[in-house]
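Just so it is clear, none of the values below were taken in a lab; they were calculated from the coordinates. Just so you know, these numbers come straight off a predicted model, no measurement behind them. All Cβ positions, glycine included, derive from the backbone under ideal geometry; neighbour counts span all protein chains shown.
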Amino acid sequence: MISVMTDGCGREIDYVRISVTDRCSLRCIYCMPEEGIRSVSHTEILSFDEIERLVSVFASLGITKIKLTGGEPLVRKDIAVPAGRLKRINGICQVTMTTNGIGLAKQMEALAGAGINGINLSLDTLNPEVFARITRRRAFDQVMEGFYAALQYPQIPLKINCVPMGIPERNVTELAVLAKKYPVHVRYIEMMPIGFGRQFQYCSEDTILENLVKCYGPWRTCDKKPGNGPGHYISFAGFQGKIGFISAISHKFCDSCNRVRLTSQGFLKTCLQYDTGADMRHLLRGGASDEEIRETVRTAIMQKPVSHQFTENVKEHEEAHTMSQIGG
Ligand code: SAM
Ligand code: SF4
């Protein structure tokens, strides 16, 4: 029997973003401090067996799509193996990953073999010097190796995610060239005021679009969008891929939110902005039955906040974690 799970506002929730680690190989200035965040011990992080059990329970409630994130998911050894196990869970249709690309060249073959359904590669610039300033690491070439490795698998959709920082001299429109030259979609994500992102001004979709038009000419709206997230897409003449925008601030999309998040320490987070949700690790390790876990998930999802209030400076229940801990 197919289950459907709705929240208190009637939104269907069918997607979970799972952070498999809060460690990372980069130190993006809007996401992590130079020294990294306090590393928690391995025992505090959910094991893959625990994640697999939770995903089975989620699937029985109506979750069909999983995104593996972090921190950097590729720092967890042999991530393709558990990714493949999640794919085989009854009811799970899609397992995708968001990665900074370090190590992707080595792991892409295994990920493809495990049946991964899509890769989102985070890349904010094509300039190696600017890359080093944003990520505090000289690793541009490794990321591009990952990009080219992923391109070898045309059956696995590849999207590039860029978070512009509102700094005019950082020319983010050059990234769109990847969608011109290759069959990949390039998406611009508005900076959200979470963790270190609070220190930056977001750069609006309208500003980016204005600059894109100067470089690439007129655009057309795409009726058919790739994926089922909150992005909307346009296309430019002569481009192989599309250009997408995920504009949580200037074009709020909470009405159609379909997702929740599971942090690496097992907290089921029901909205990006707030610390509301339920502690799954406590339940798992306390010997809870599947039915008890299901009931807790249903209750947490019924109480999912109606919307974020990023522009309204709300402090109550505001998320204190960094984006690397939450998973983006
Ligand atoms: N390390 C992986 C990566 O970079 O794709 C996965 C985790 S990362 C937290 C997931 C996504 O969140 C990345 O695309 C990153 O650019 C984005 N991100 C981080 N901080 C953000 C913020 N304050 N606002 C919007 N997106 C953010
Ligand atoms: Fe790491 Fe991704 Fe955060 Fe950059 S955005 S520091 S790659 S977790």
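Going by neighbour counts of Cβ atoms within 10 Å, the residues MET302, MET144, MET165 line up, fewest first, as MET302, MET144, MET165.
Listing GLU34, GLU174 from fewest to most neighbouring C-beta atoms within 10 Å gives GLU34, GLU174. Close Lys pairs in region 56-187 (alpha-carbon distance under 26 Å; sequence gap of 8 or more, or different chains): 18. THR296: net charge of surrounding residues, Cβ under 14 Å, Lys/Arg +1, Asp/Glu -1, itself excluded? That works out to +2.
Evaluated with a Cβ-only charge set (Lys, Arg +1; Asp, Glu -1), region 1-118 carries a dipole of roughly 220 debye about its Cα centre, given to the nearest 20. Taking the fewest neighbouring Cβ atoms within 10 Å as the starting point, the ordered list for ILE246, ILE13, ILE119 is ILE246, ILE13, ILE119. Helix 290-302 axis versus longest C-alpha principal axis of the chain: approximately 50°, rounded to the nearest ten.
Relative to the longest principal axis of the Cα atoms of the chain, the long axis of helix 104-114 lies at roughly 50 degrees.
To the nearest Å, what is the center-to-center distance of region 159-208 and region 249-310, using C-alpha atoms only? Cα centres, region 159-208 to region 249-310: 27 Å. Among the cysteines of the chain, those with no neighbouring cysteine Cβ under 4.7 Å are CYS9, CYS24, CYS93, CYS162, CYS203, CYS215, CYS222, CYS254, CYS257, CYS271.
The angle between the Cα long axis of helix 205-216 and the longest principal axis of the Cα atoms of the chain comes to about 40 degrees, rounded to the nearest 10.
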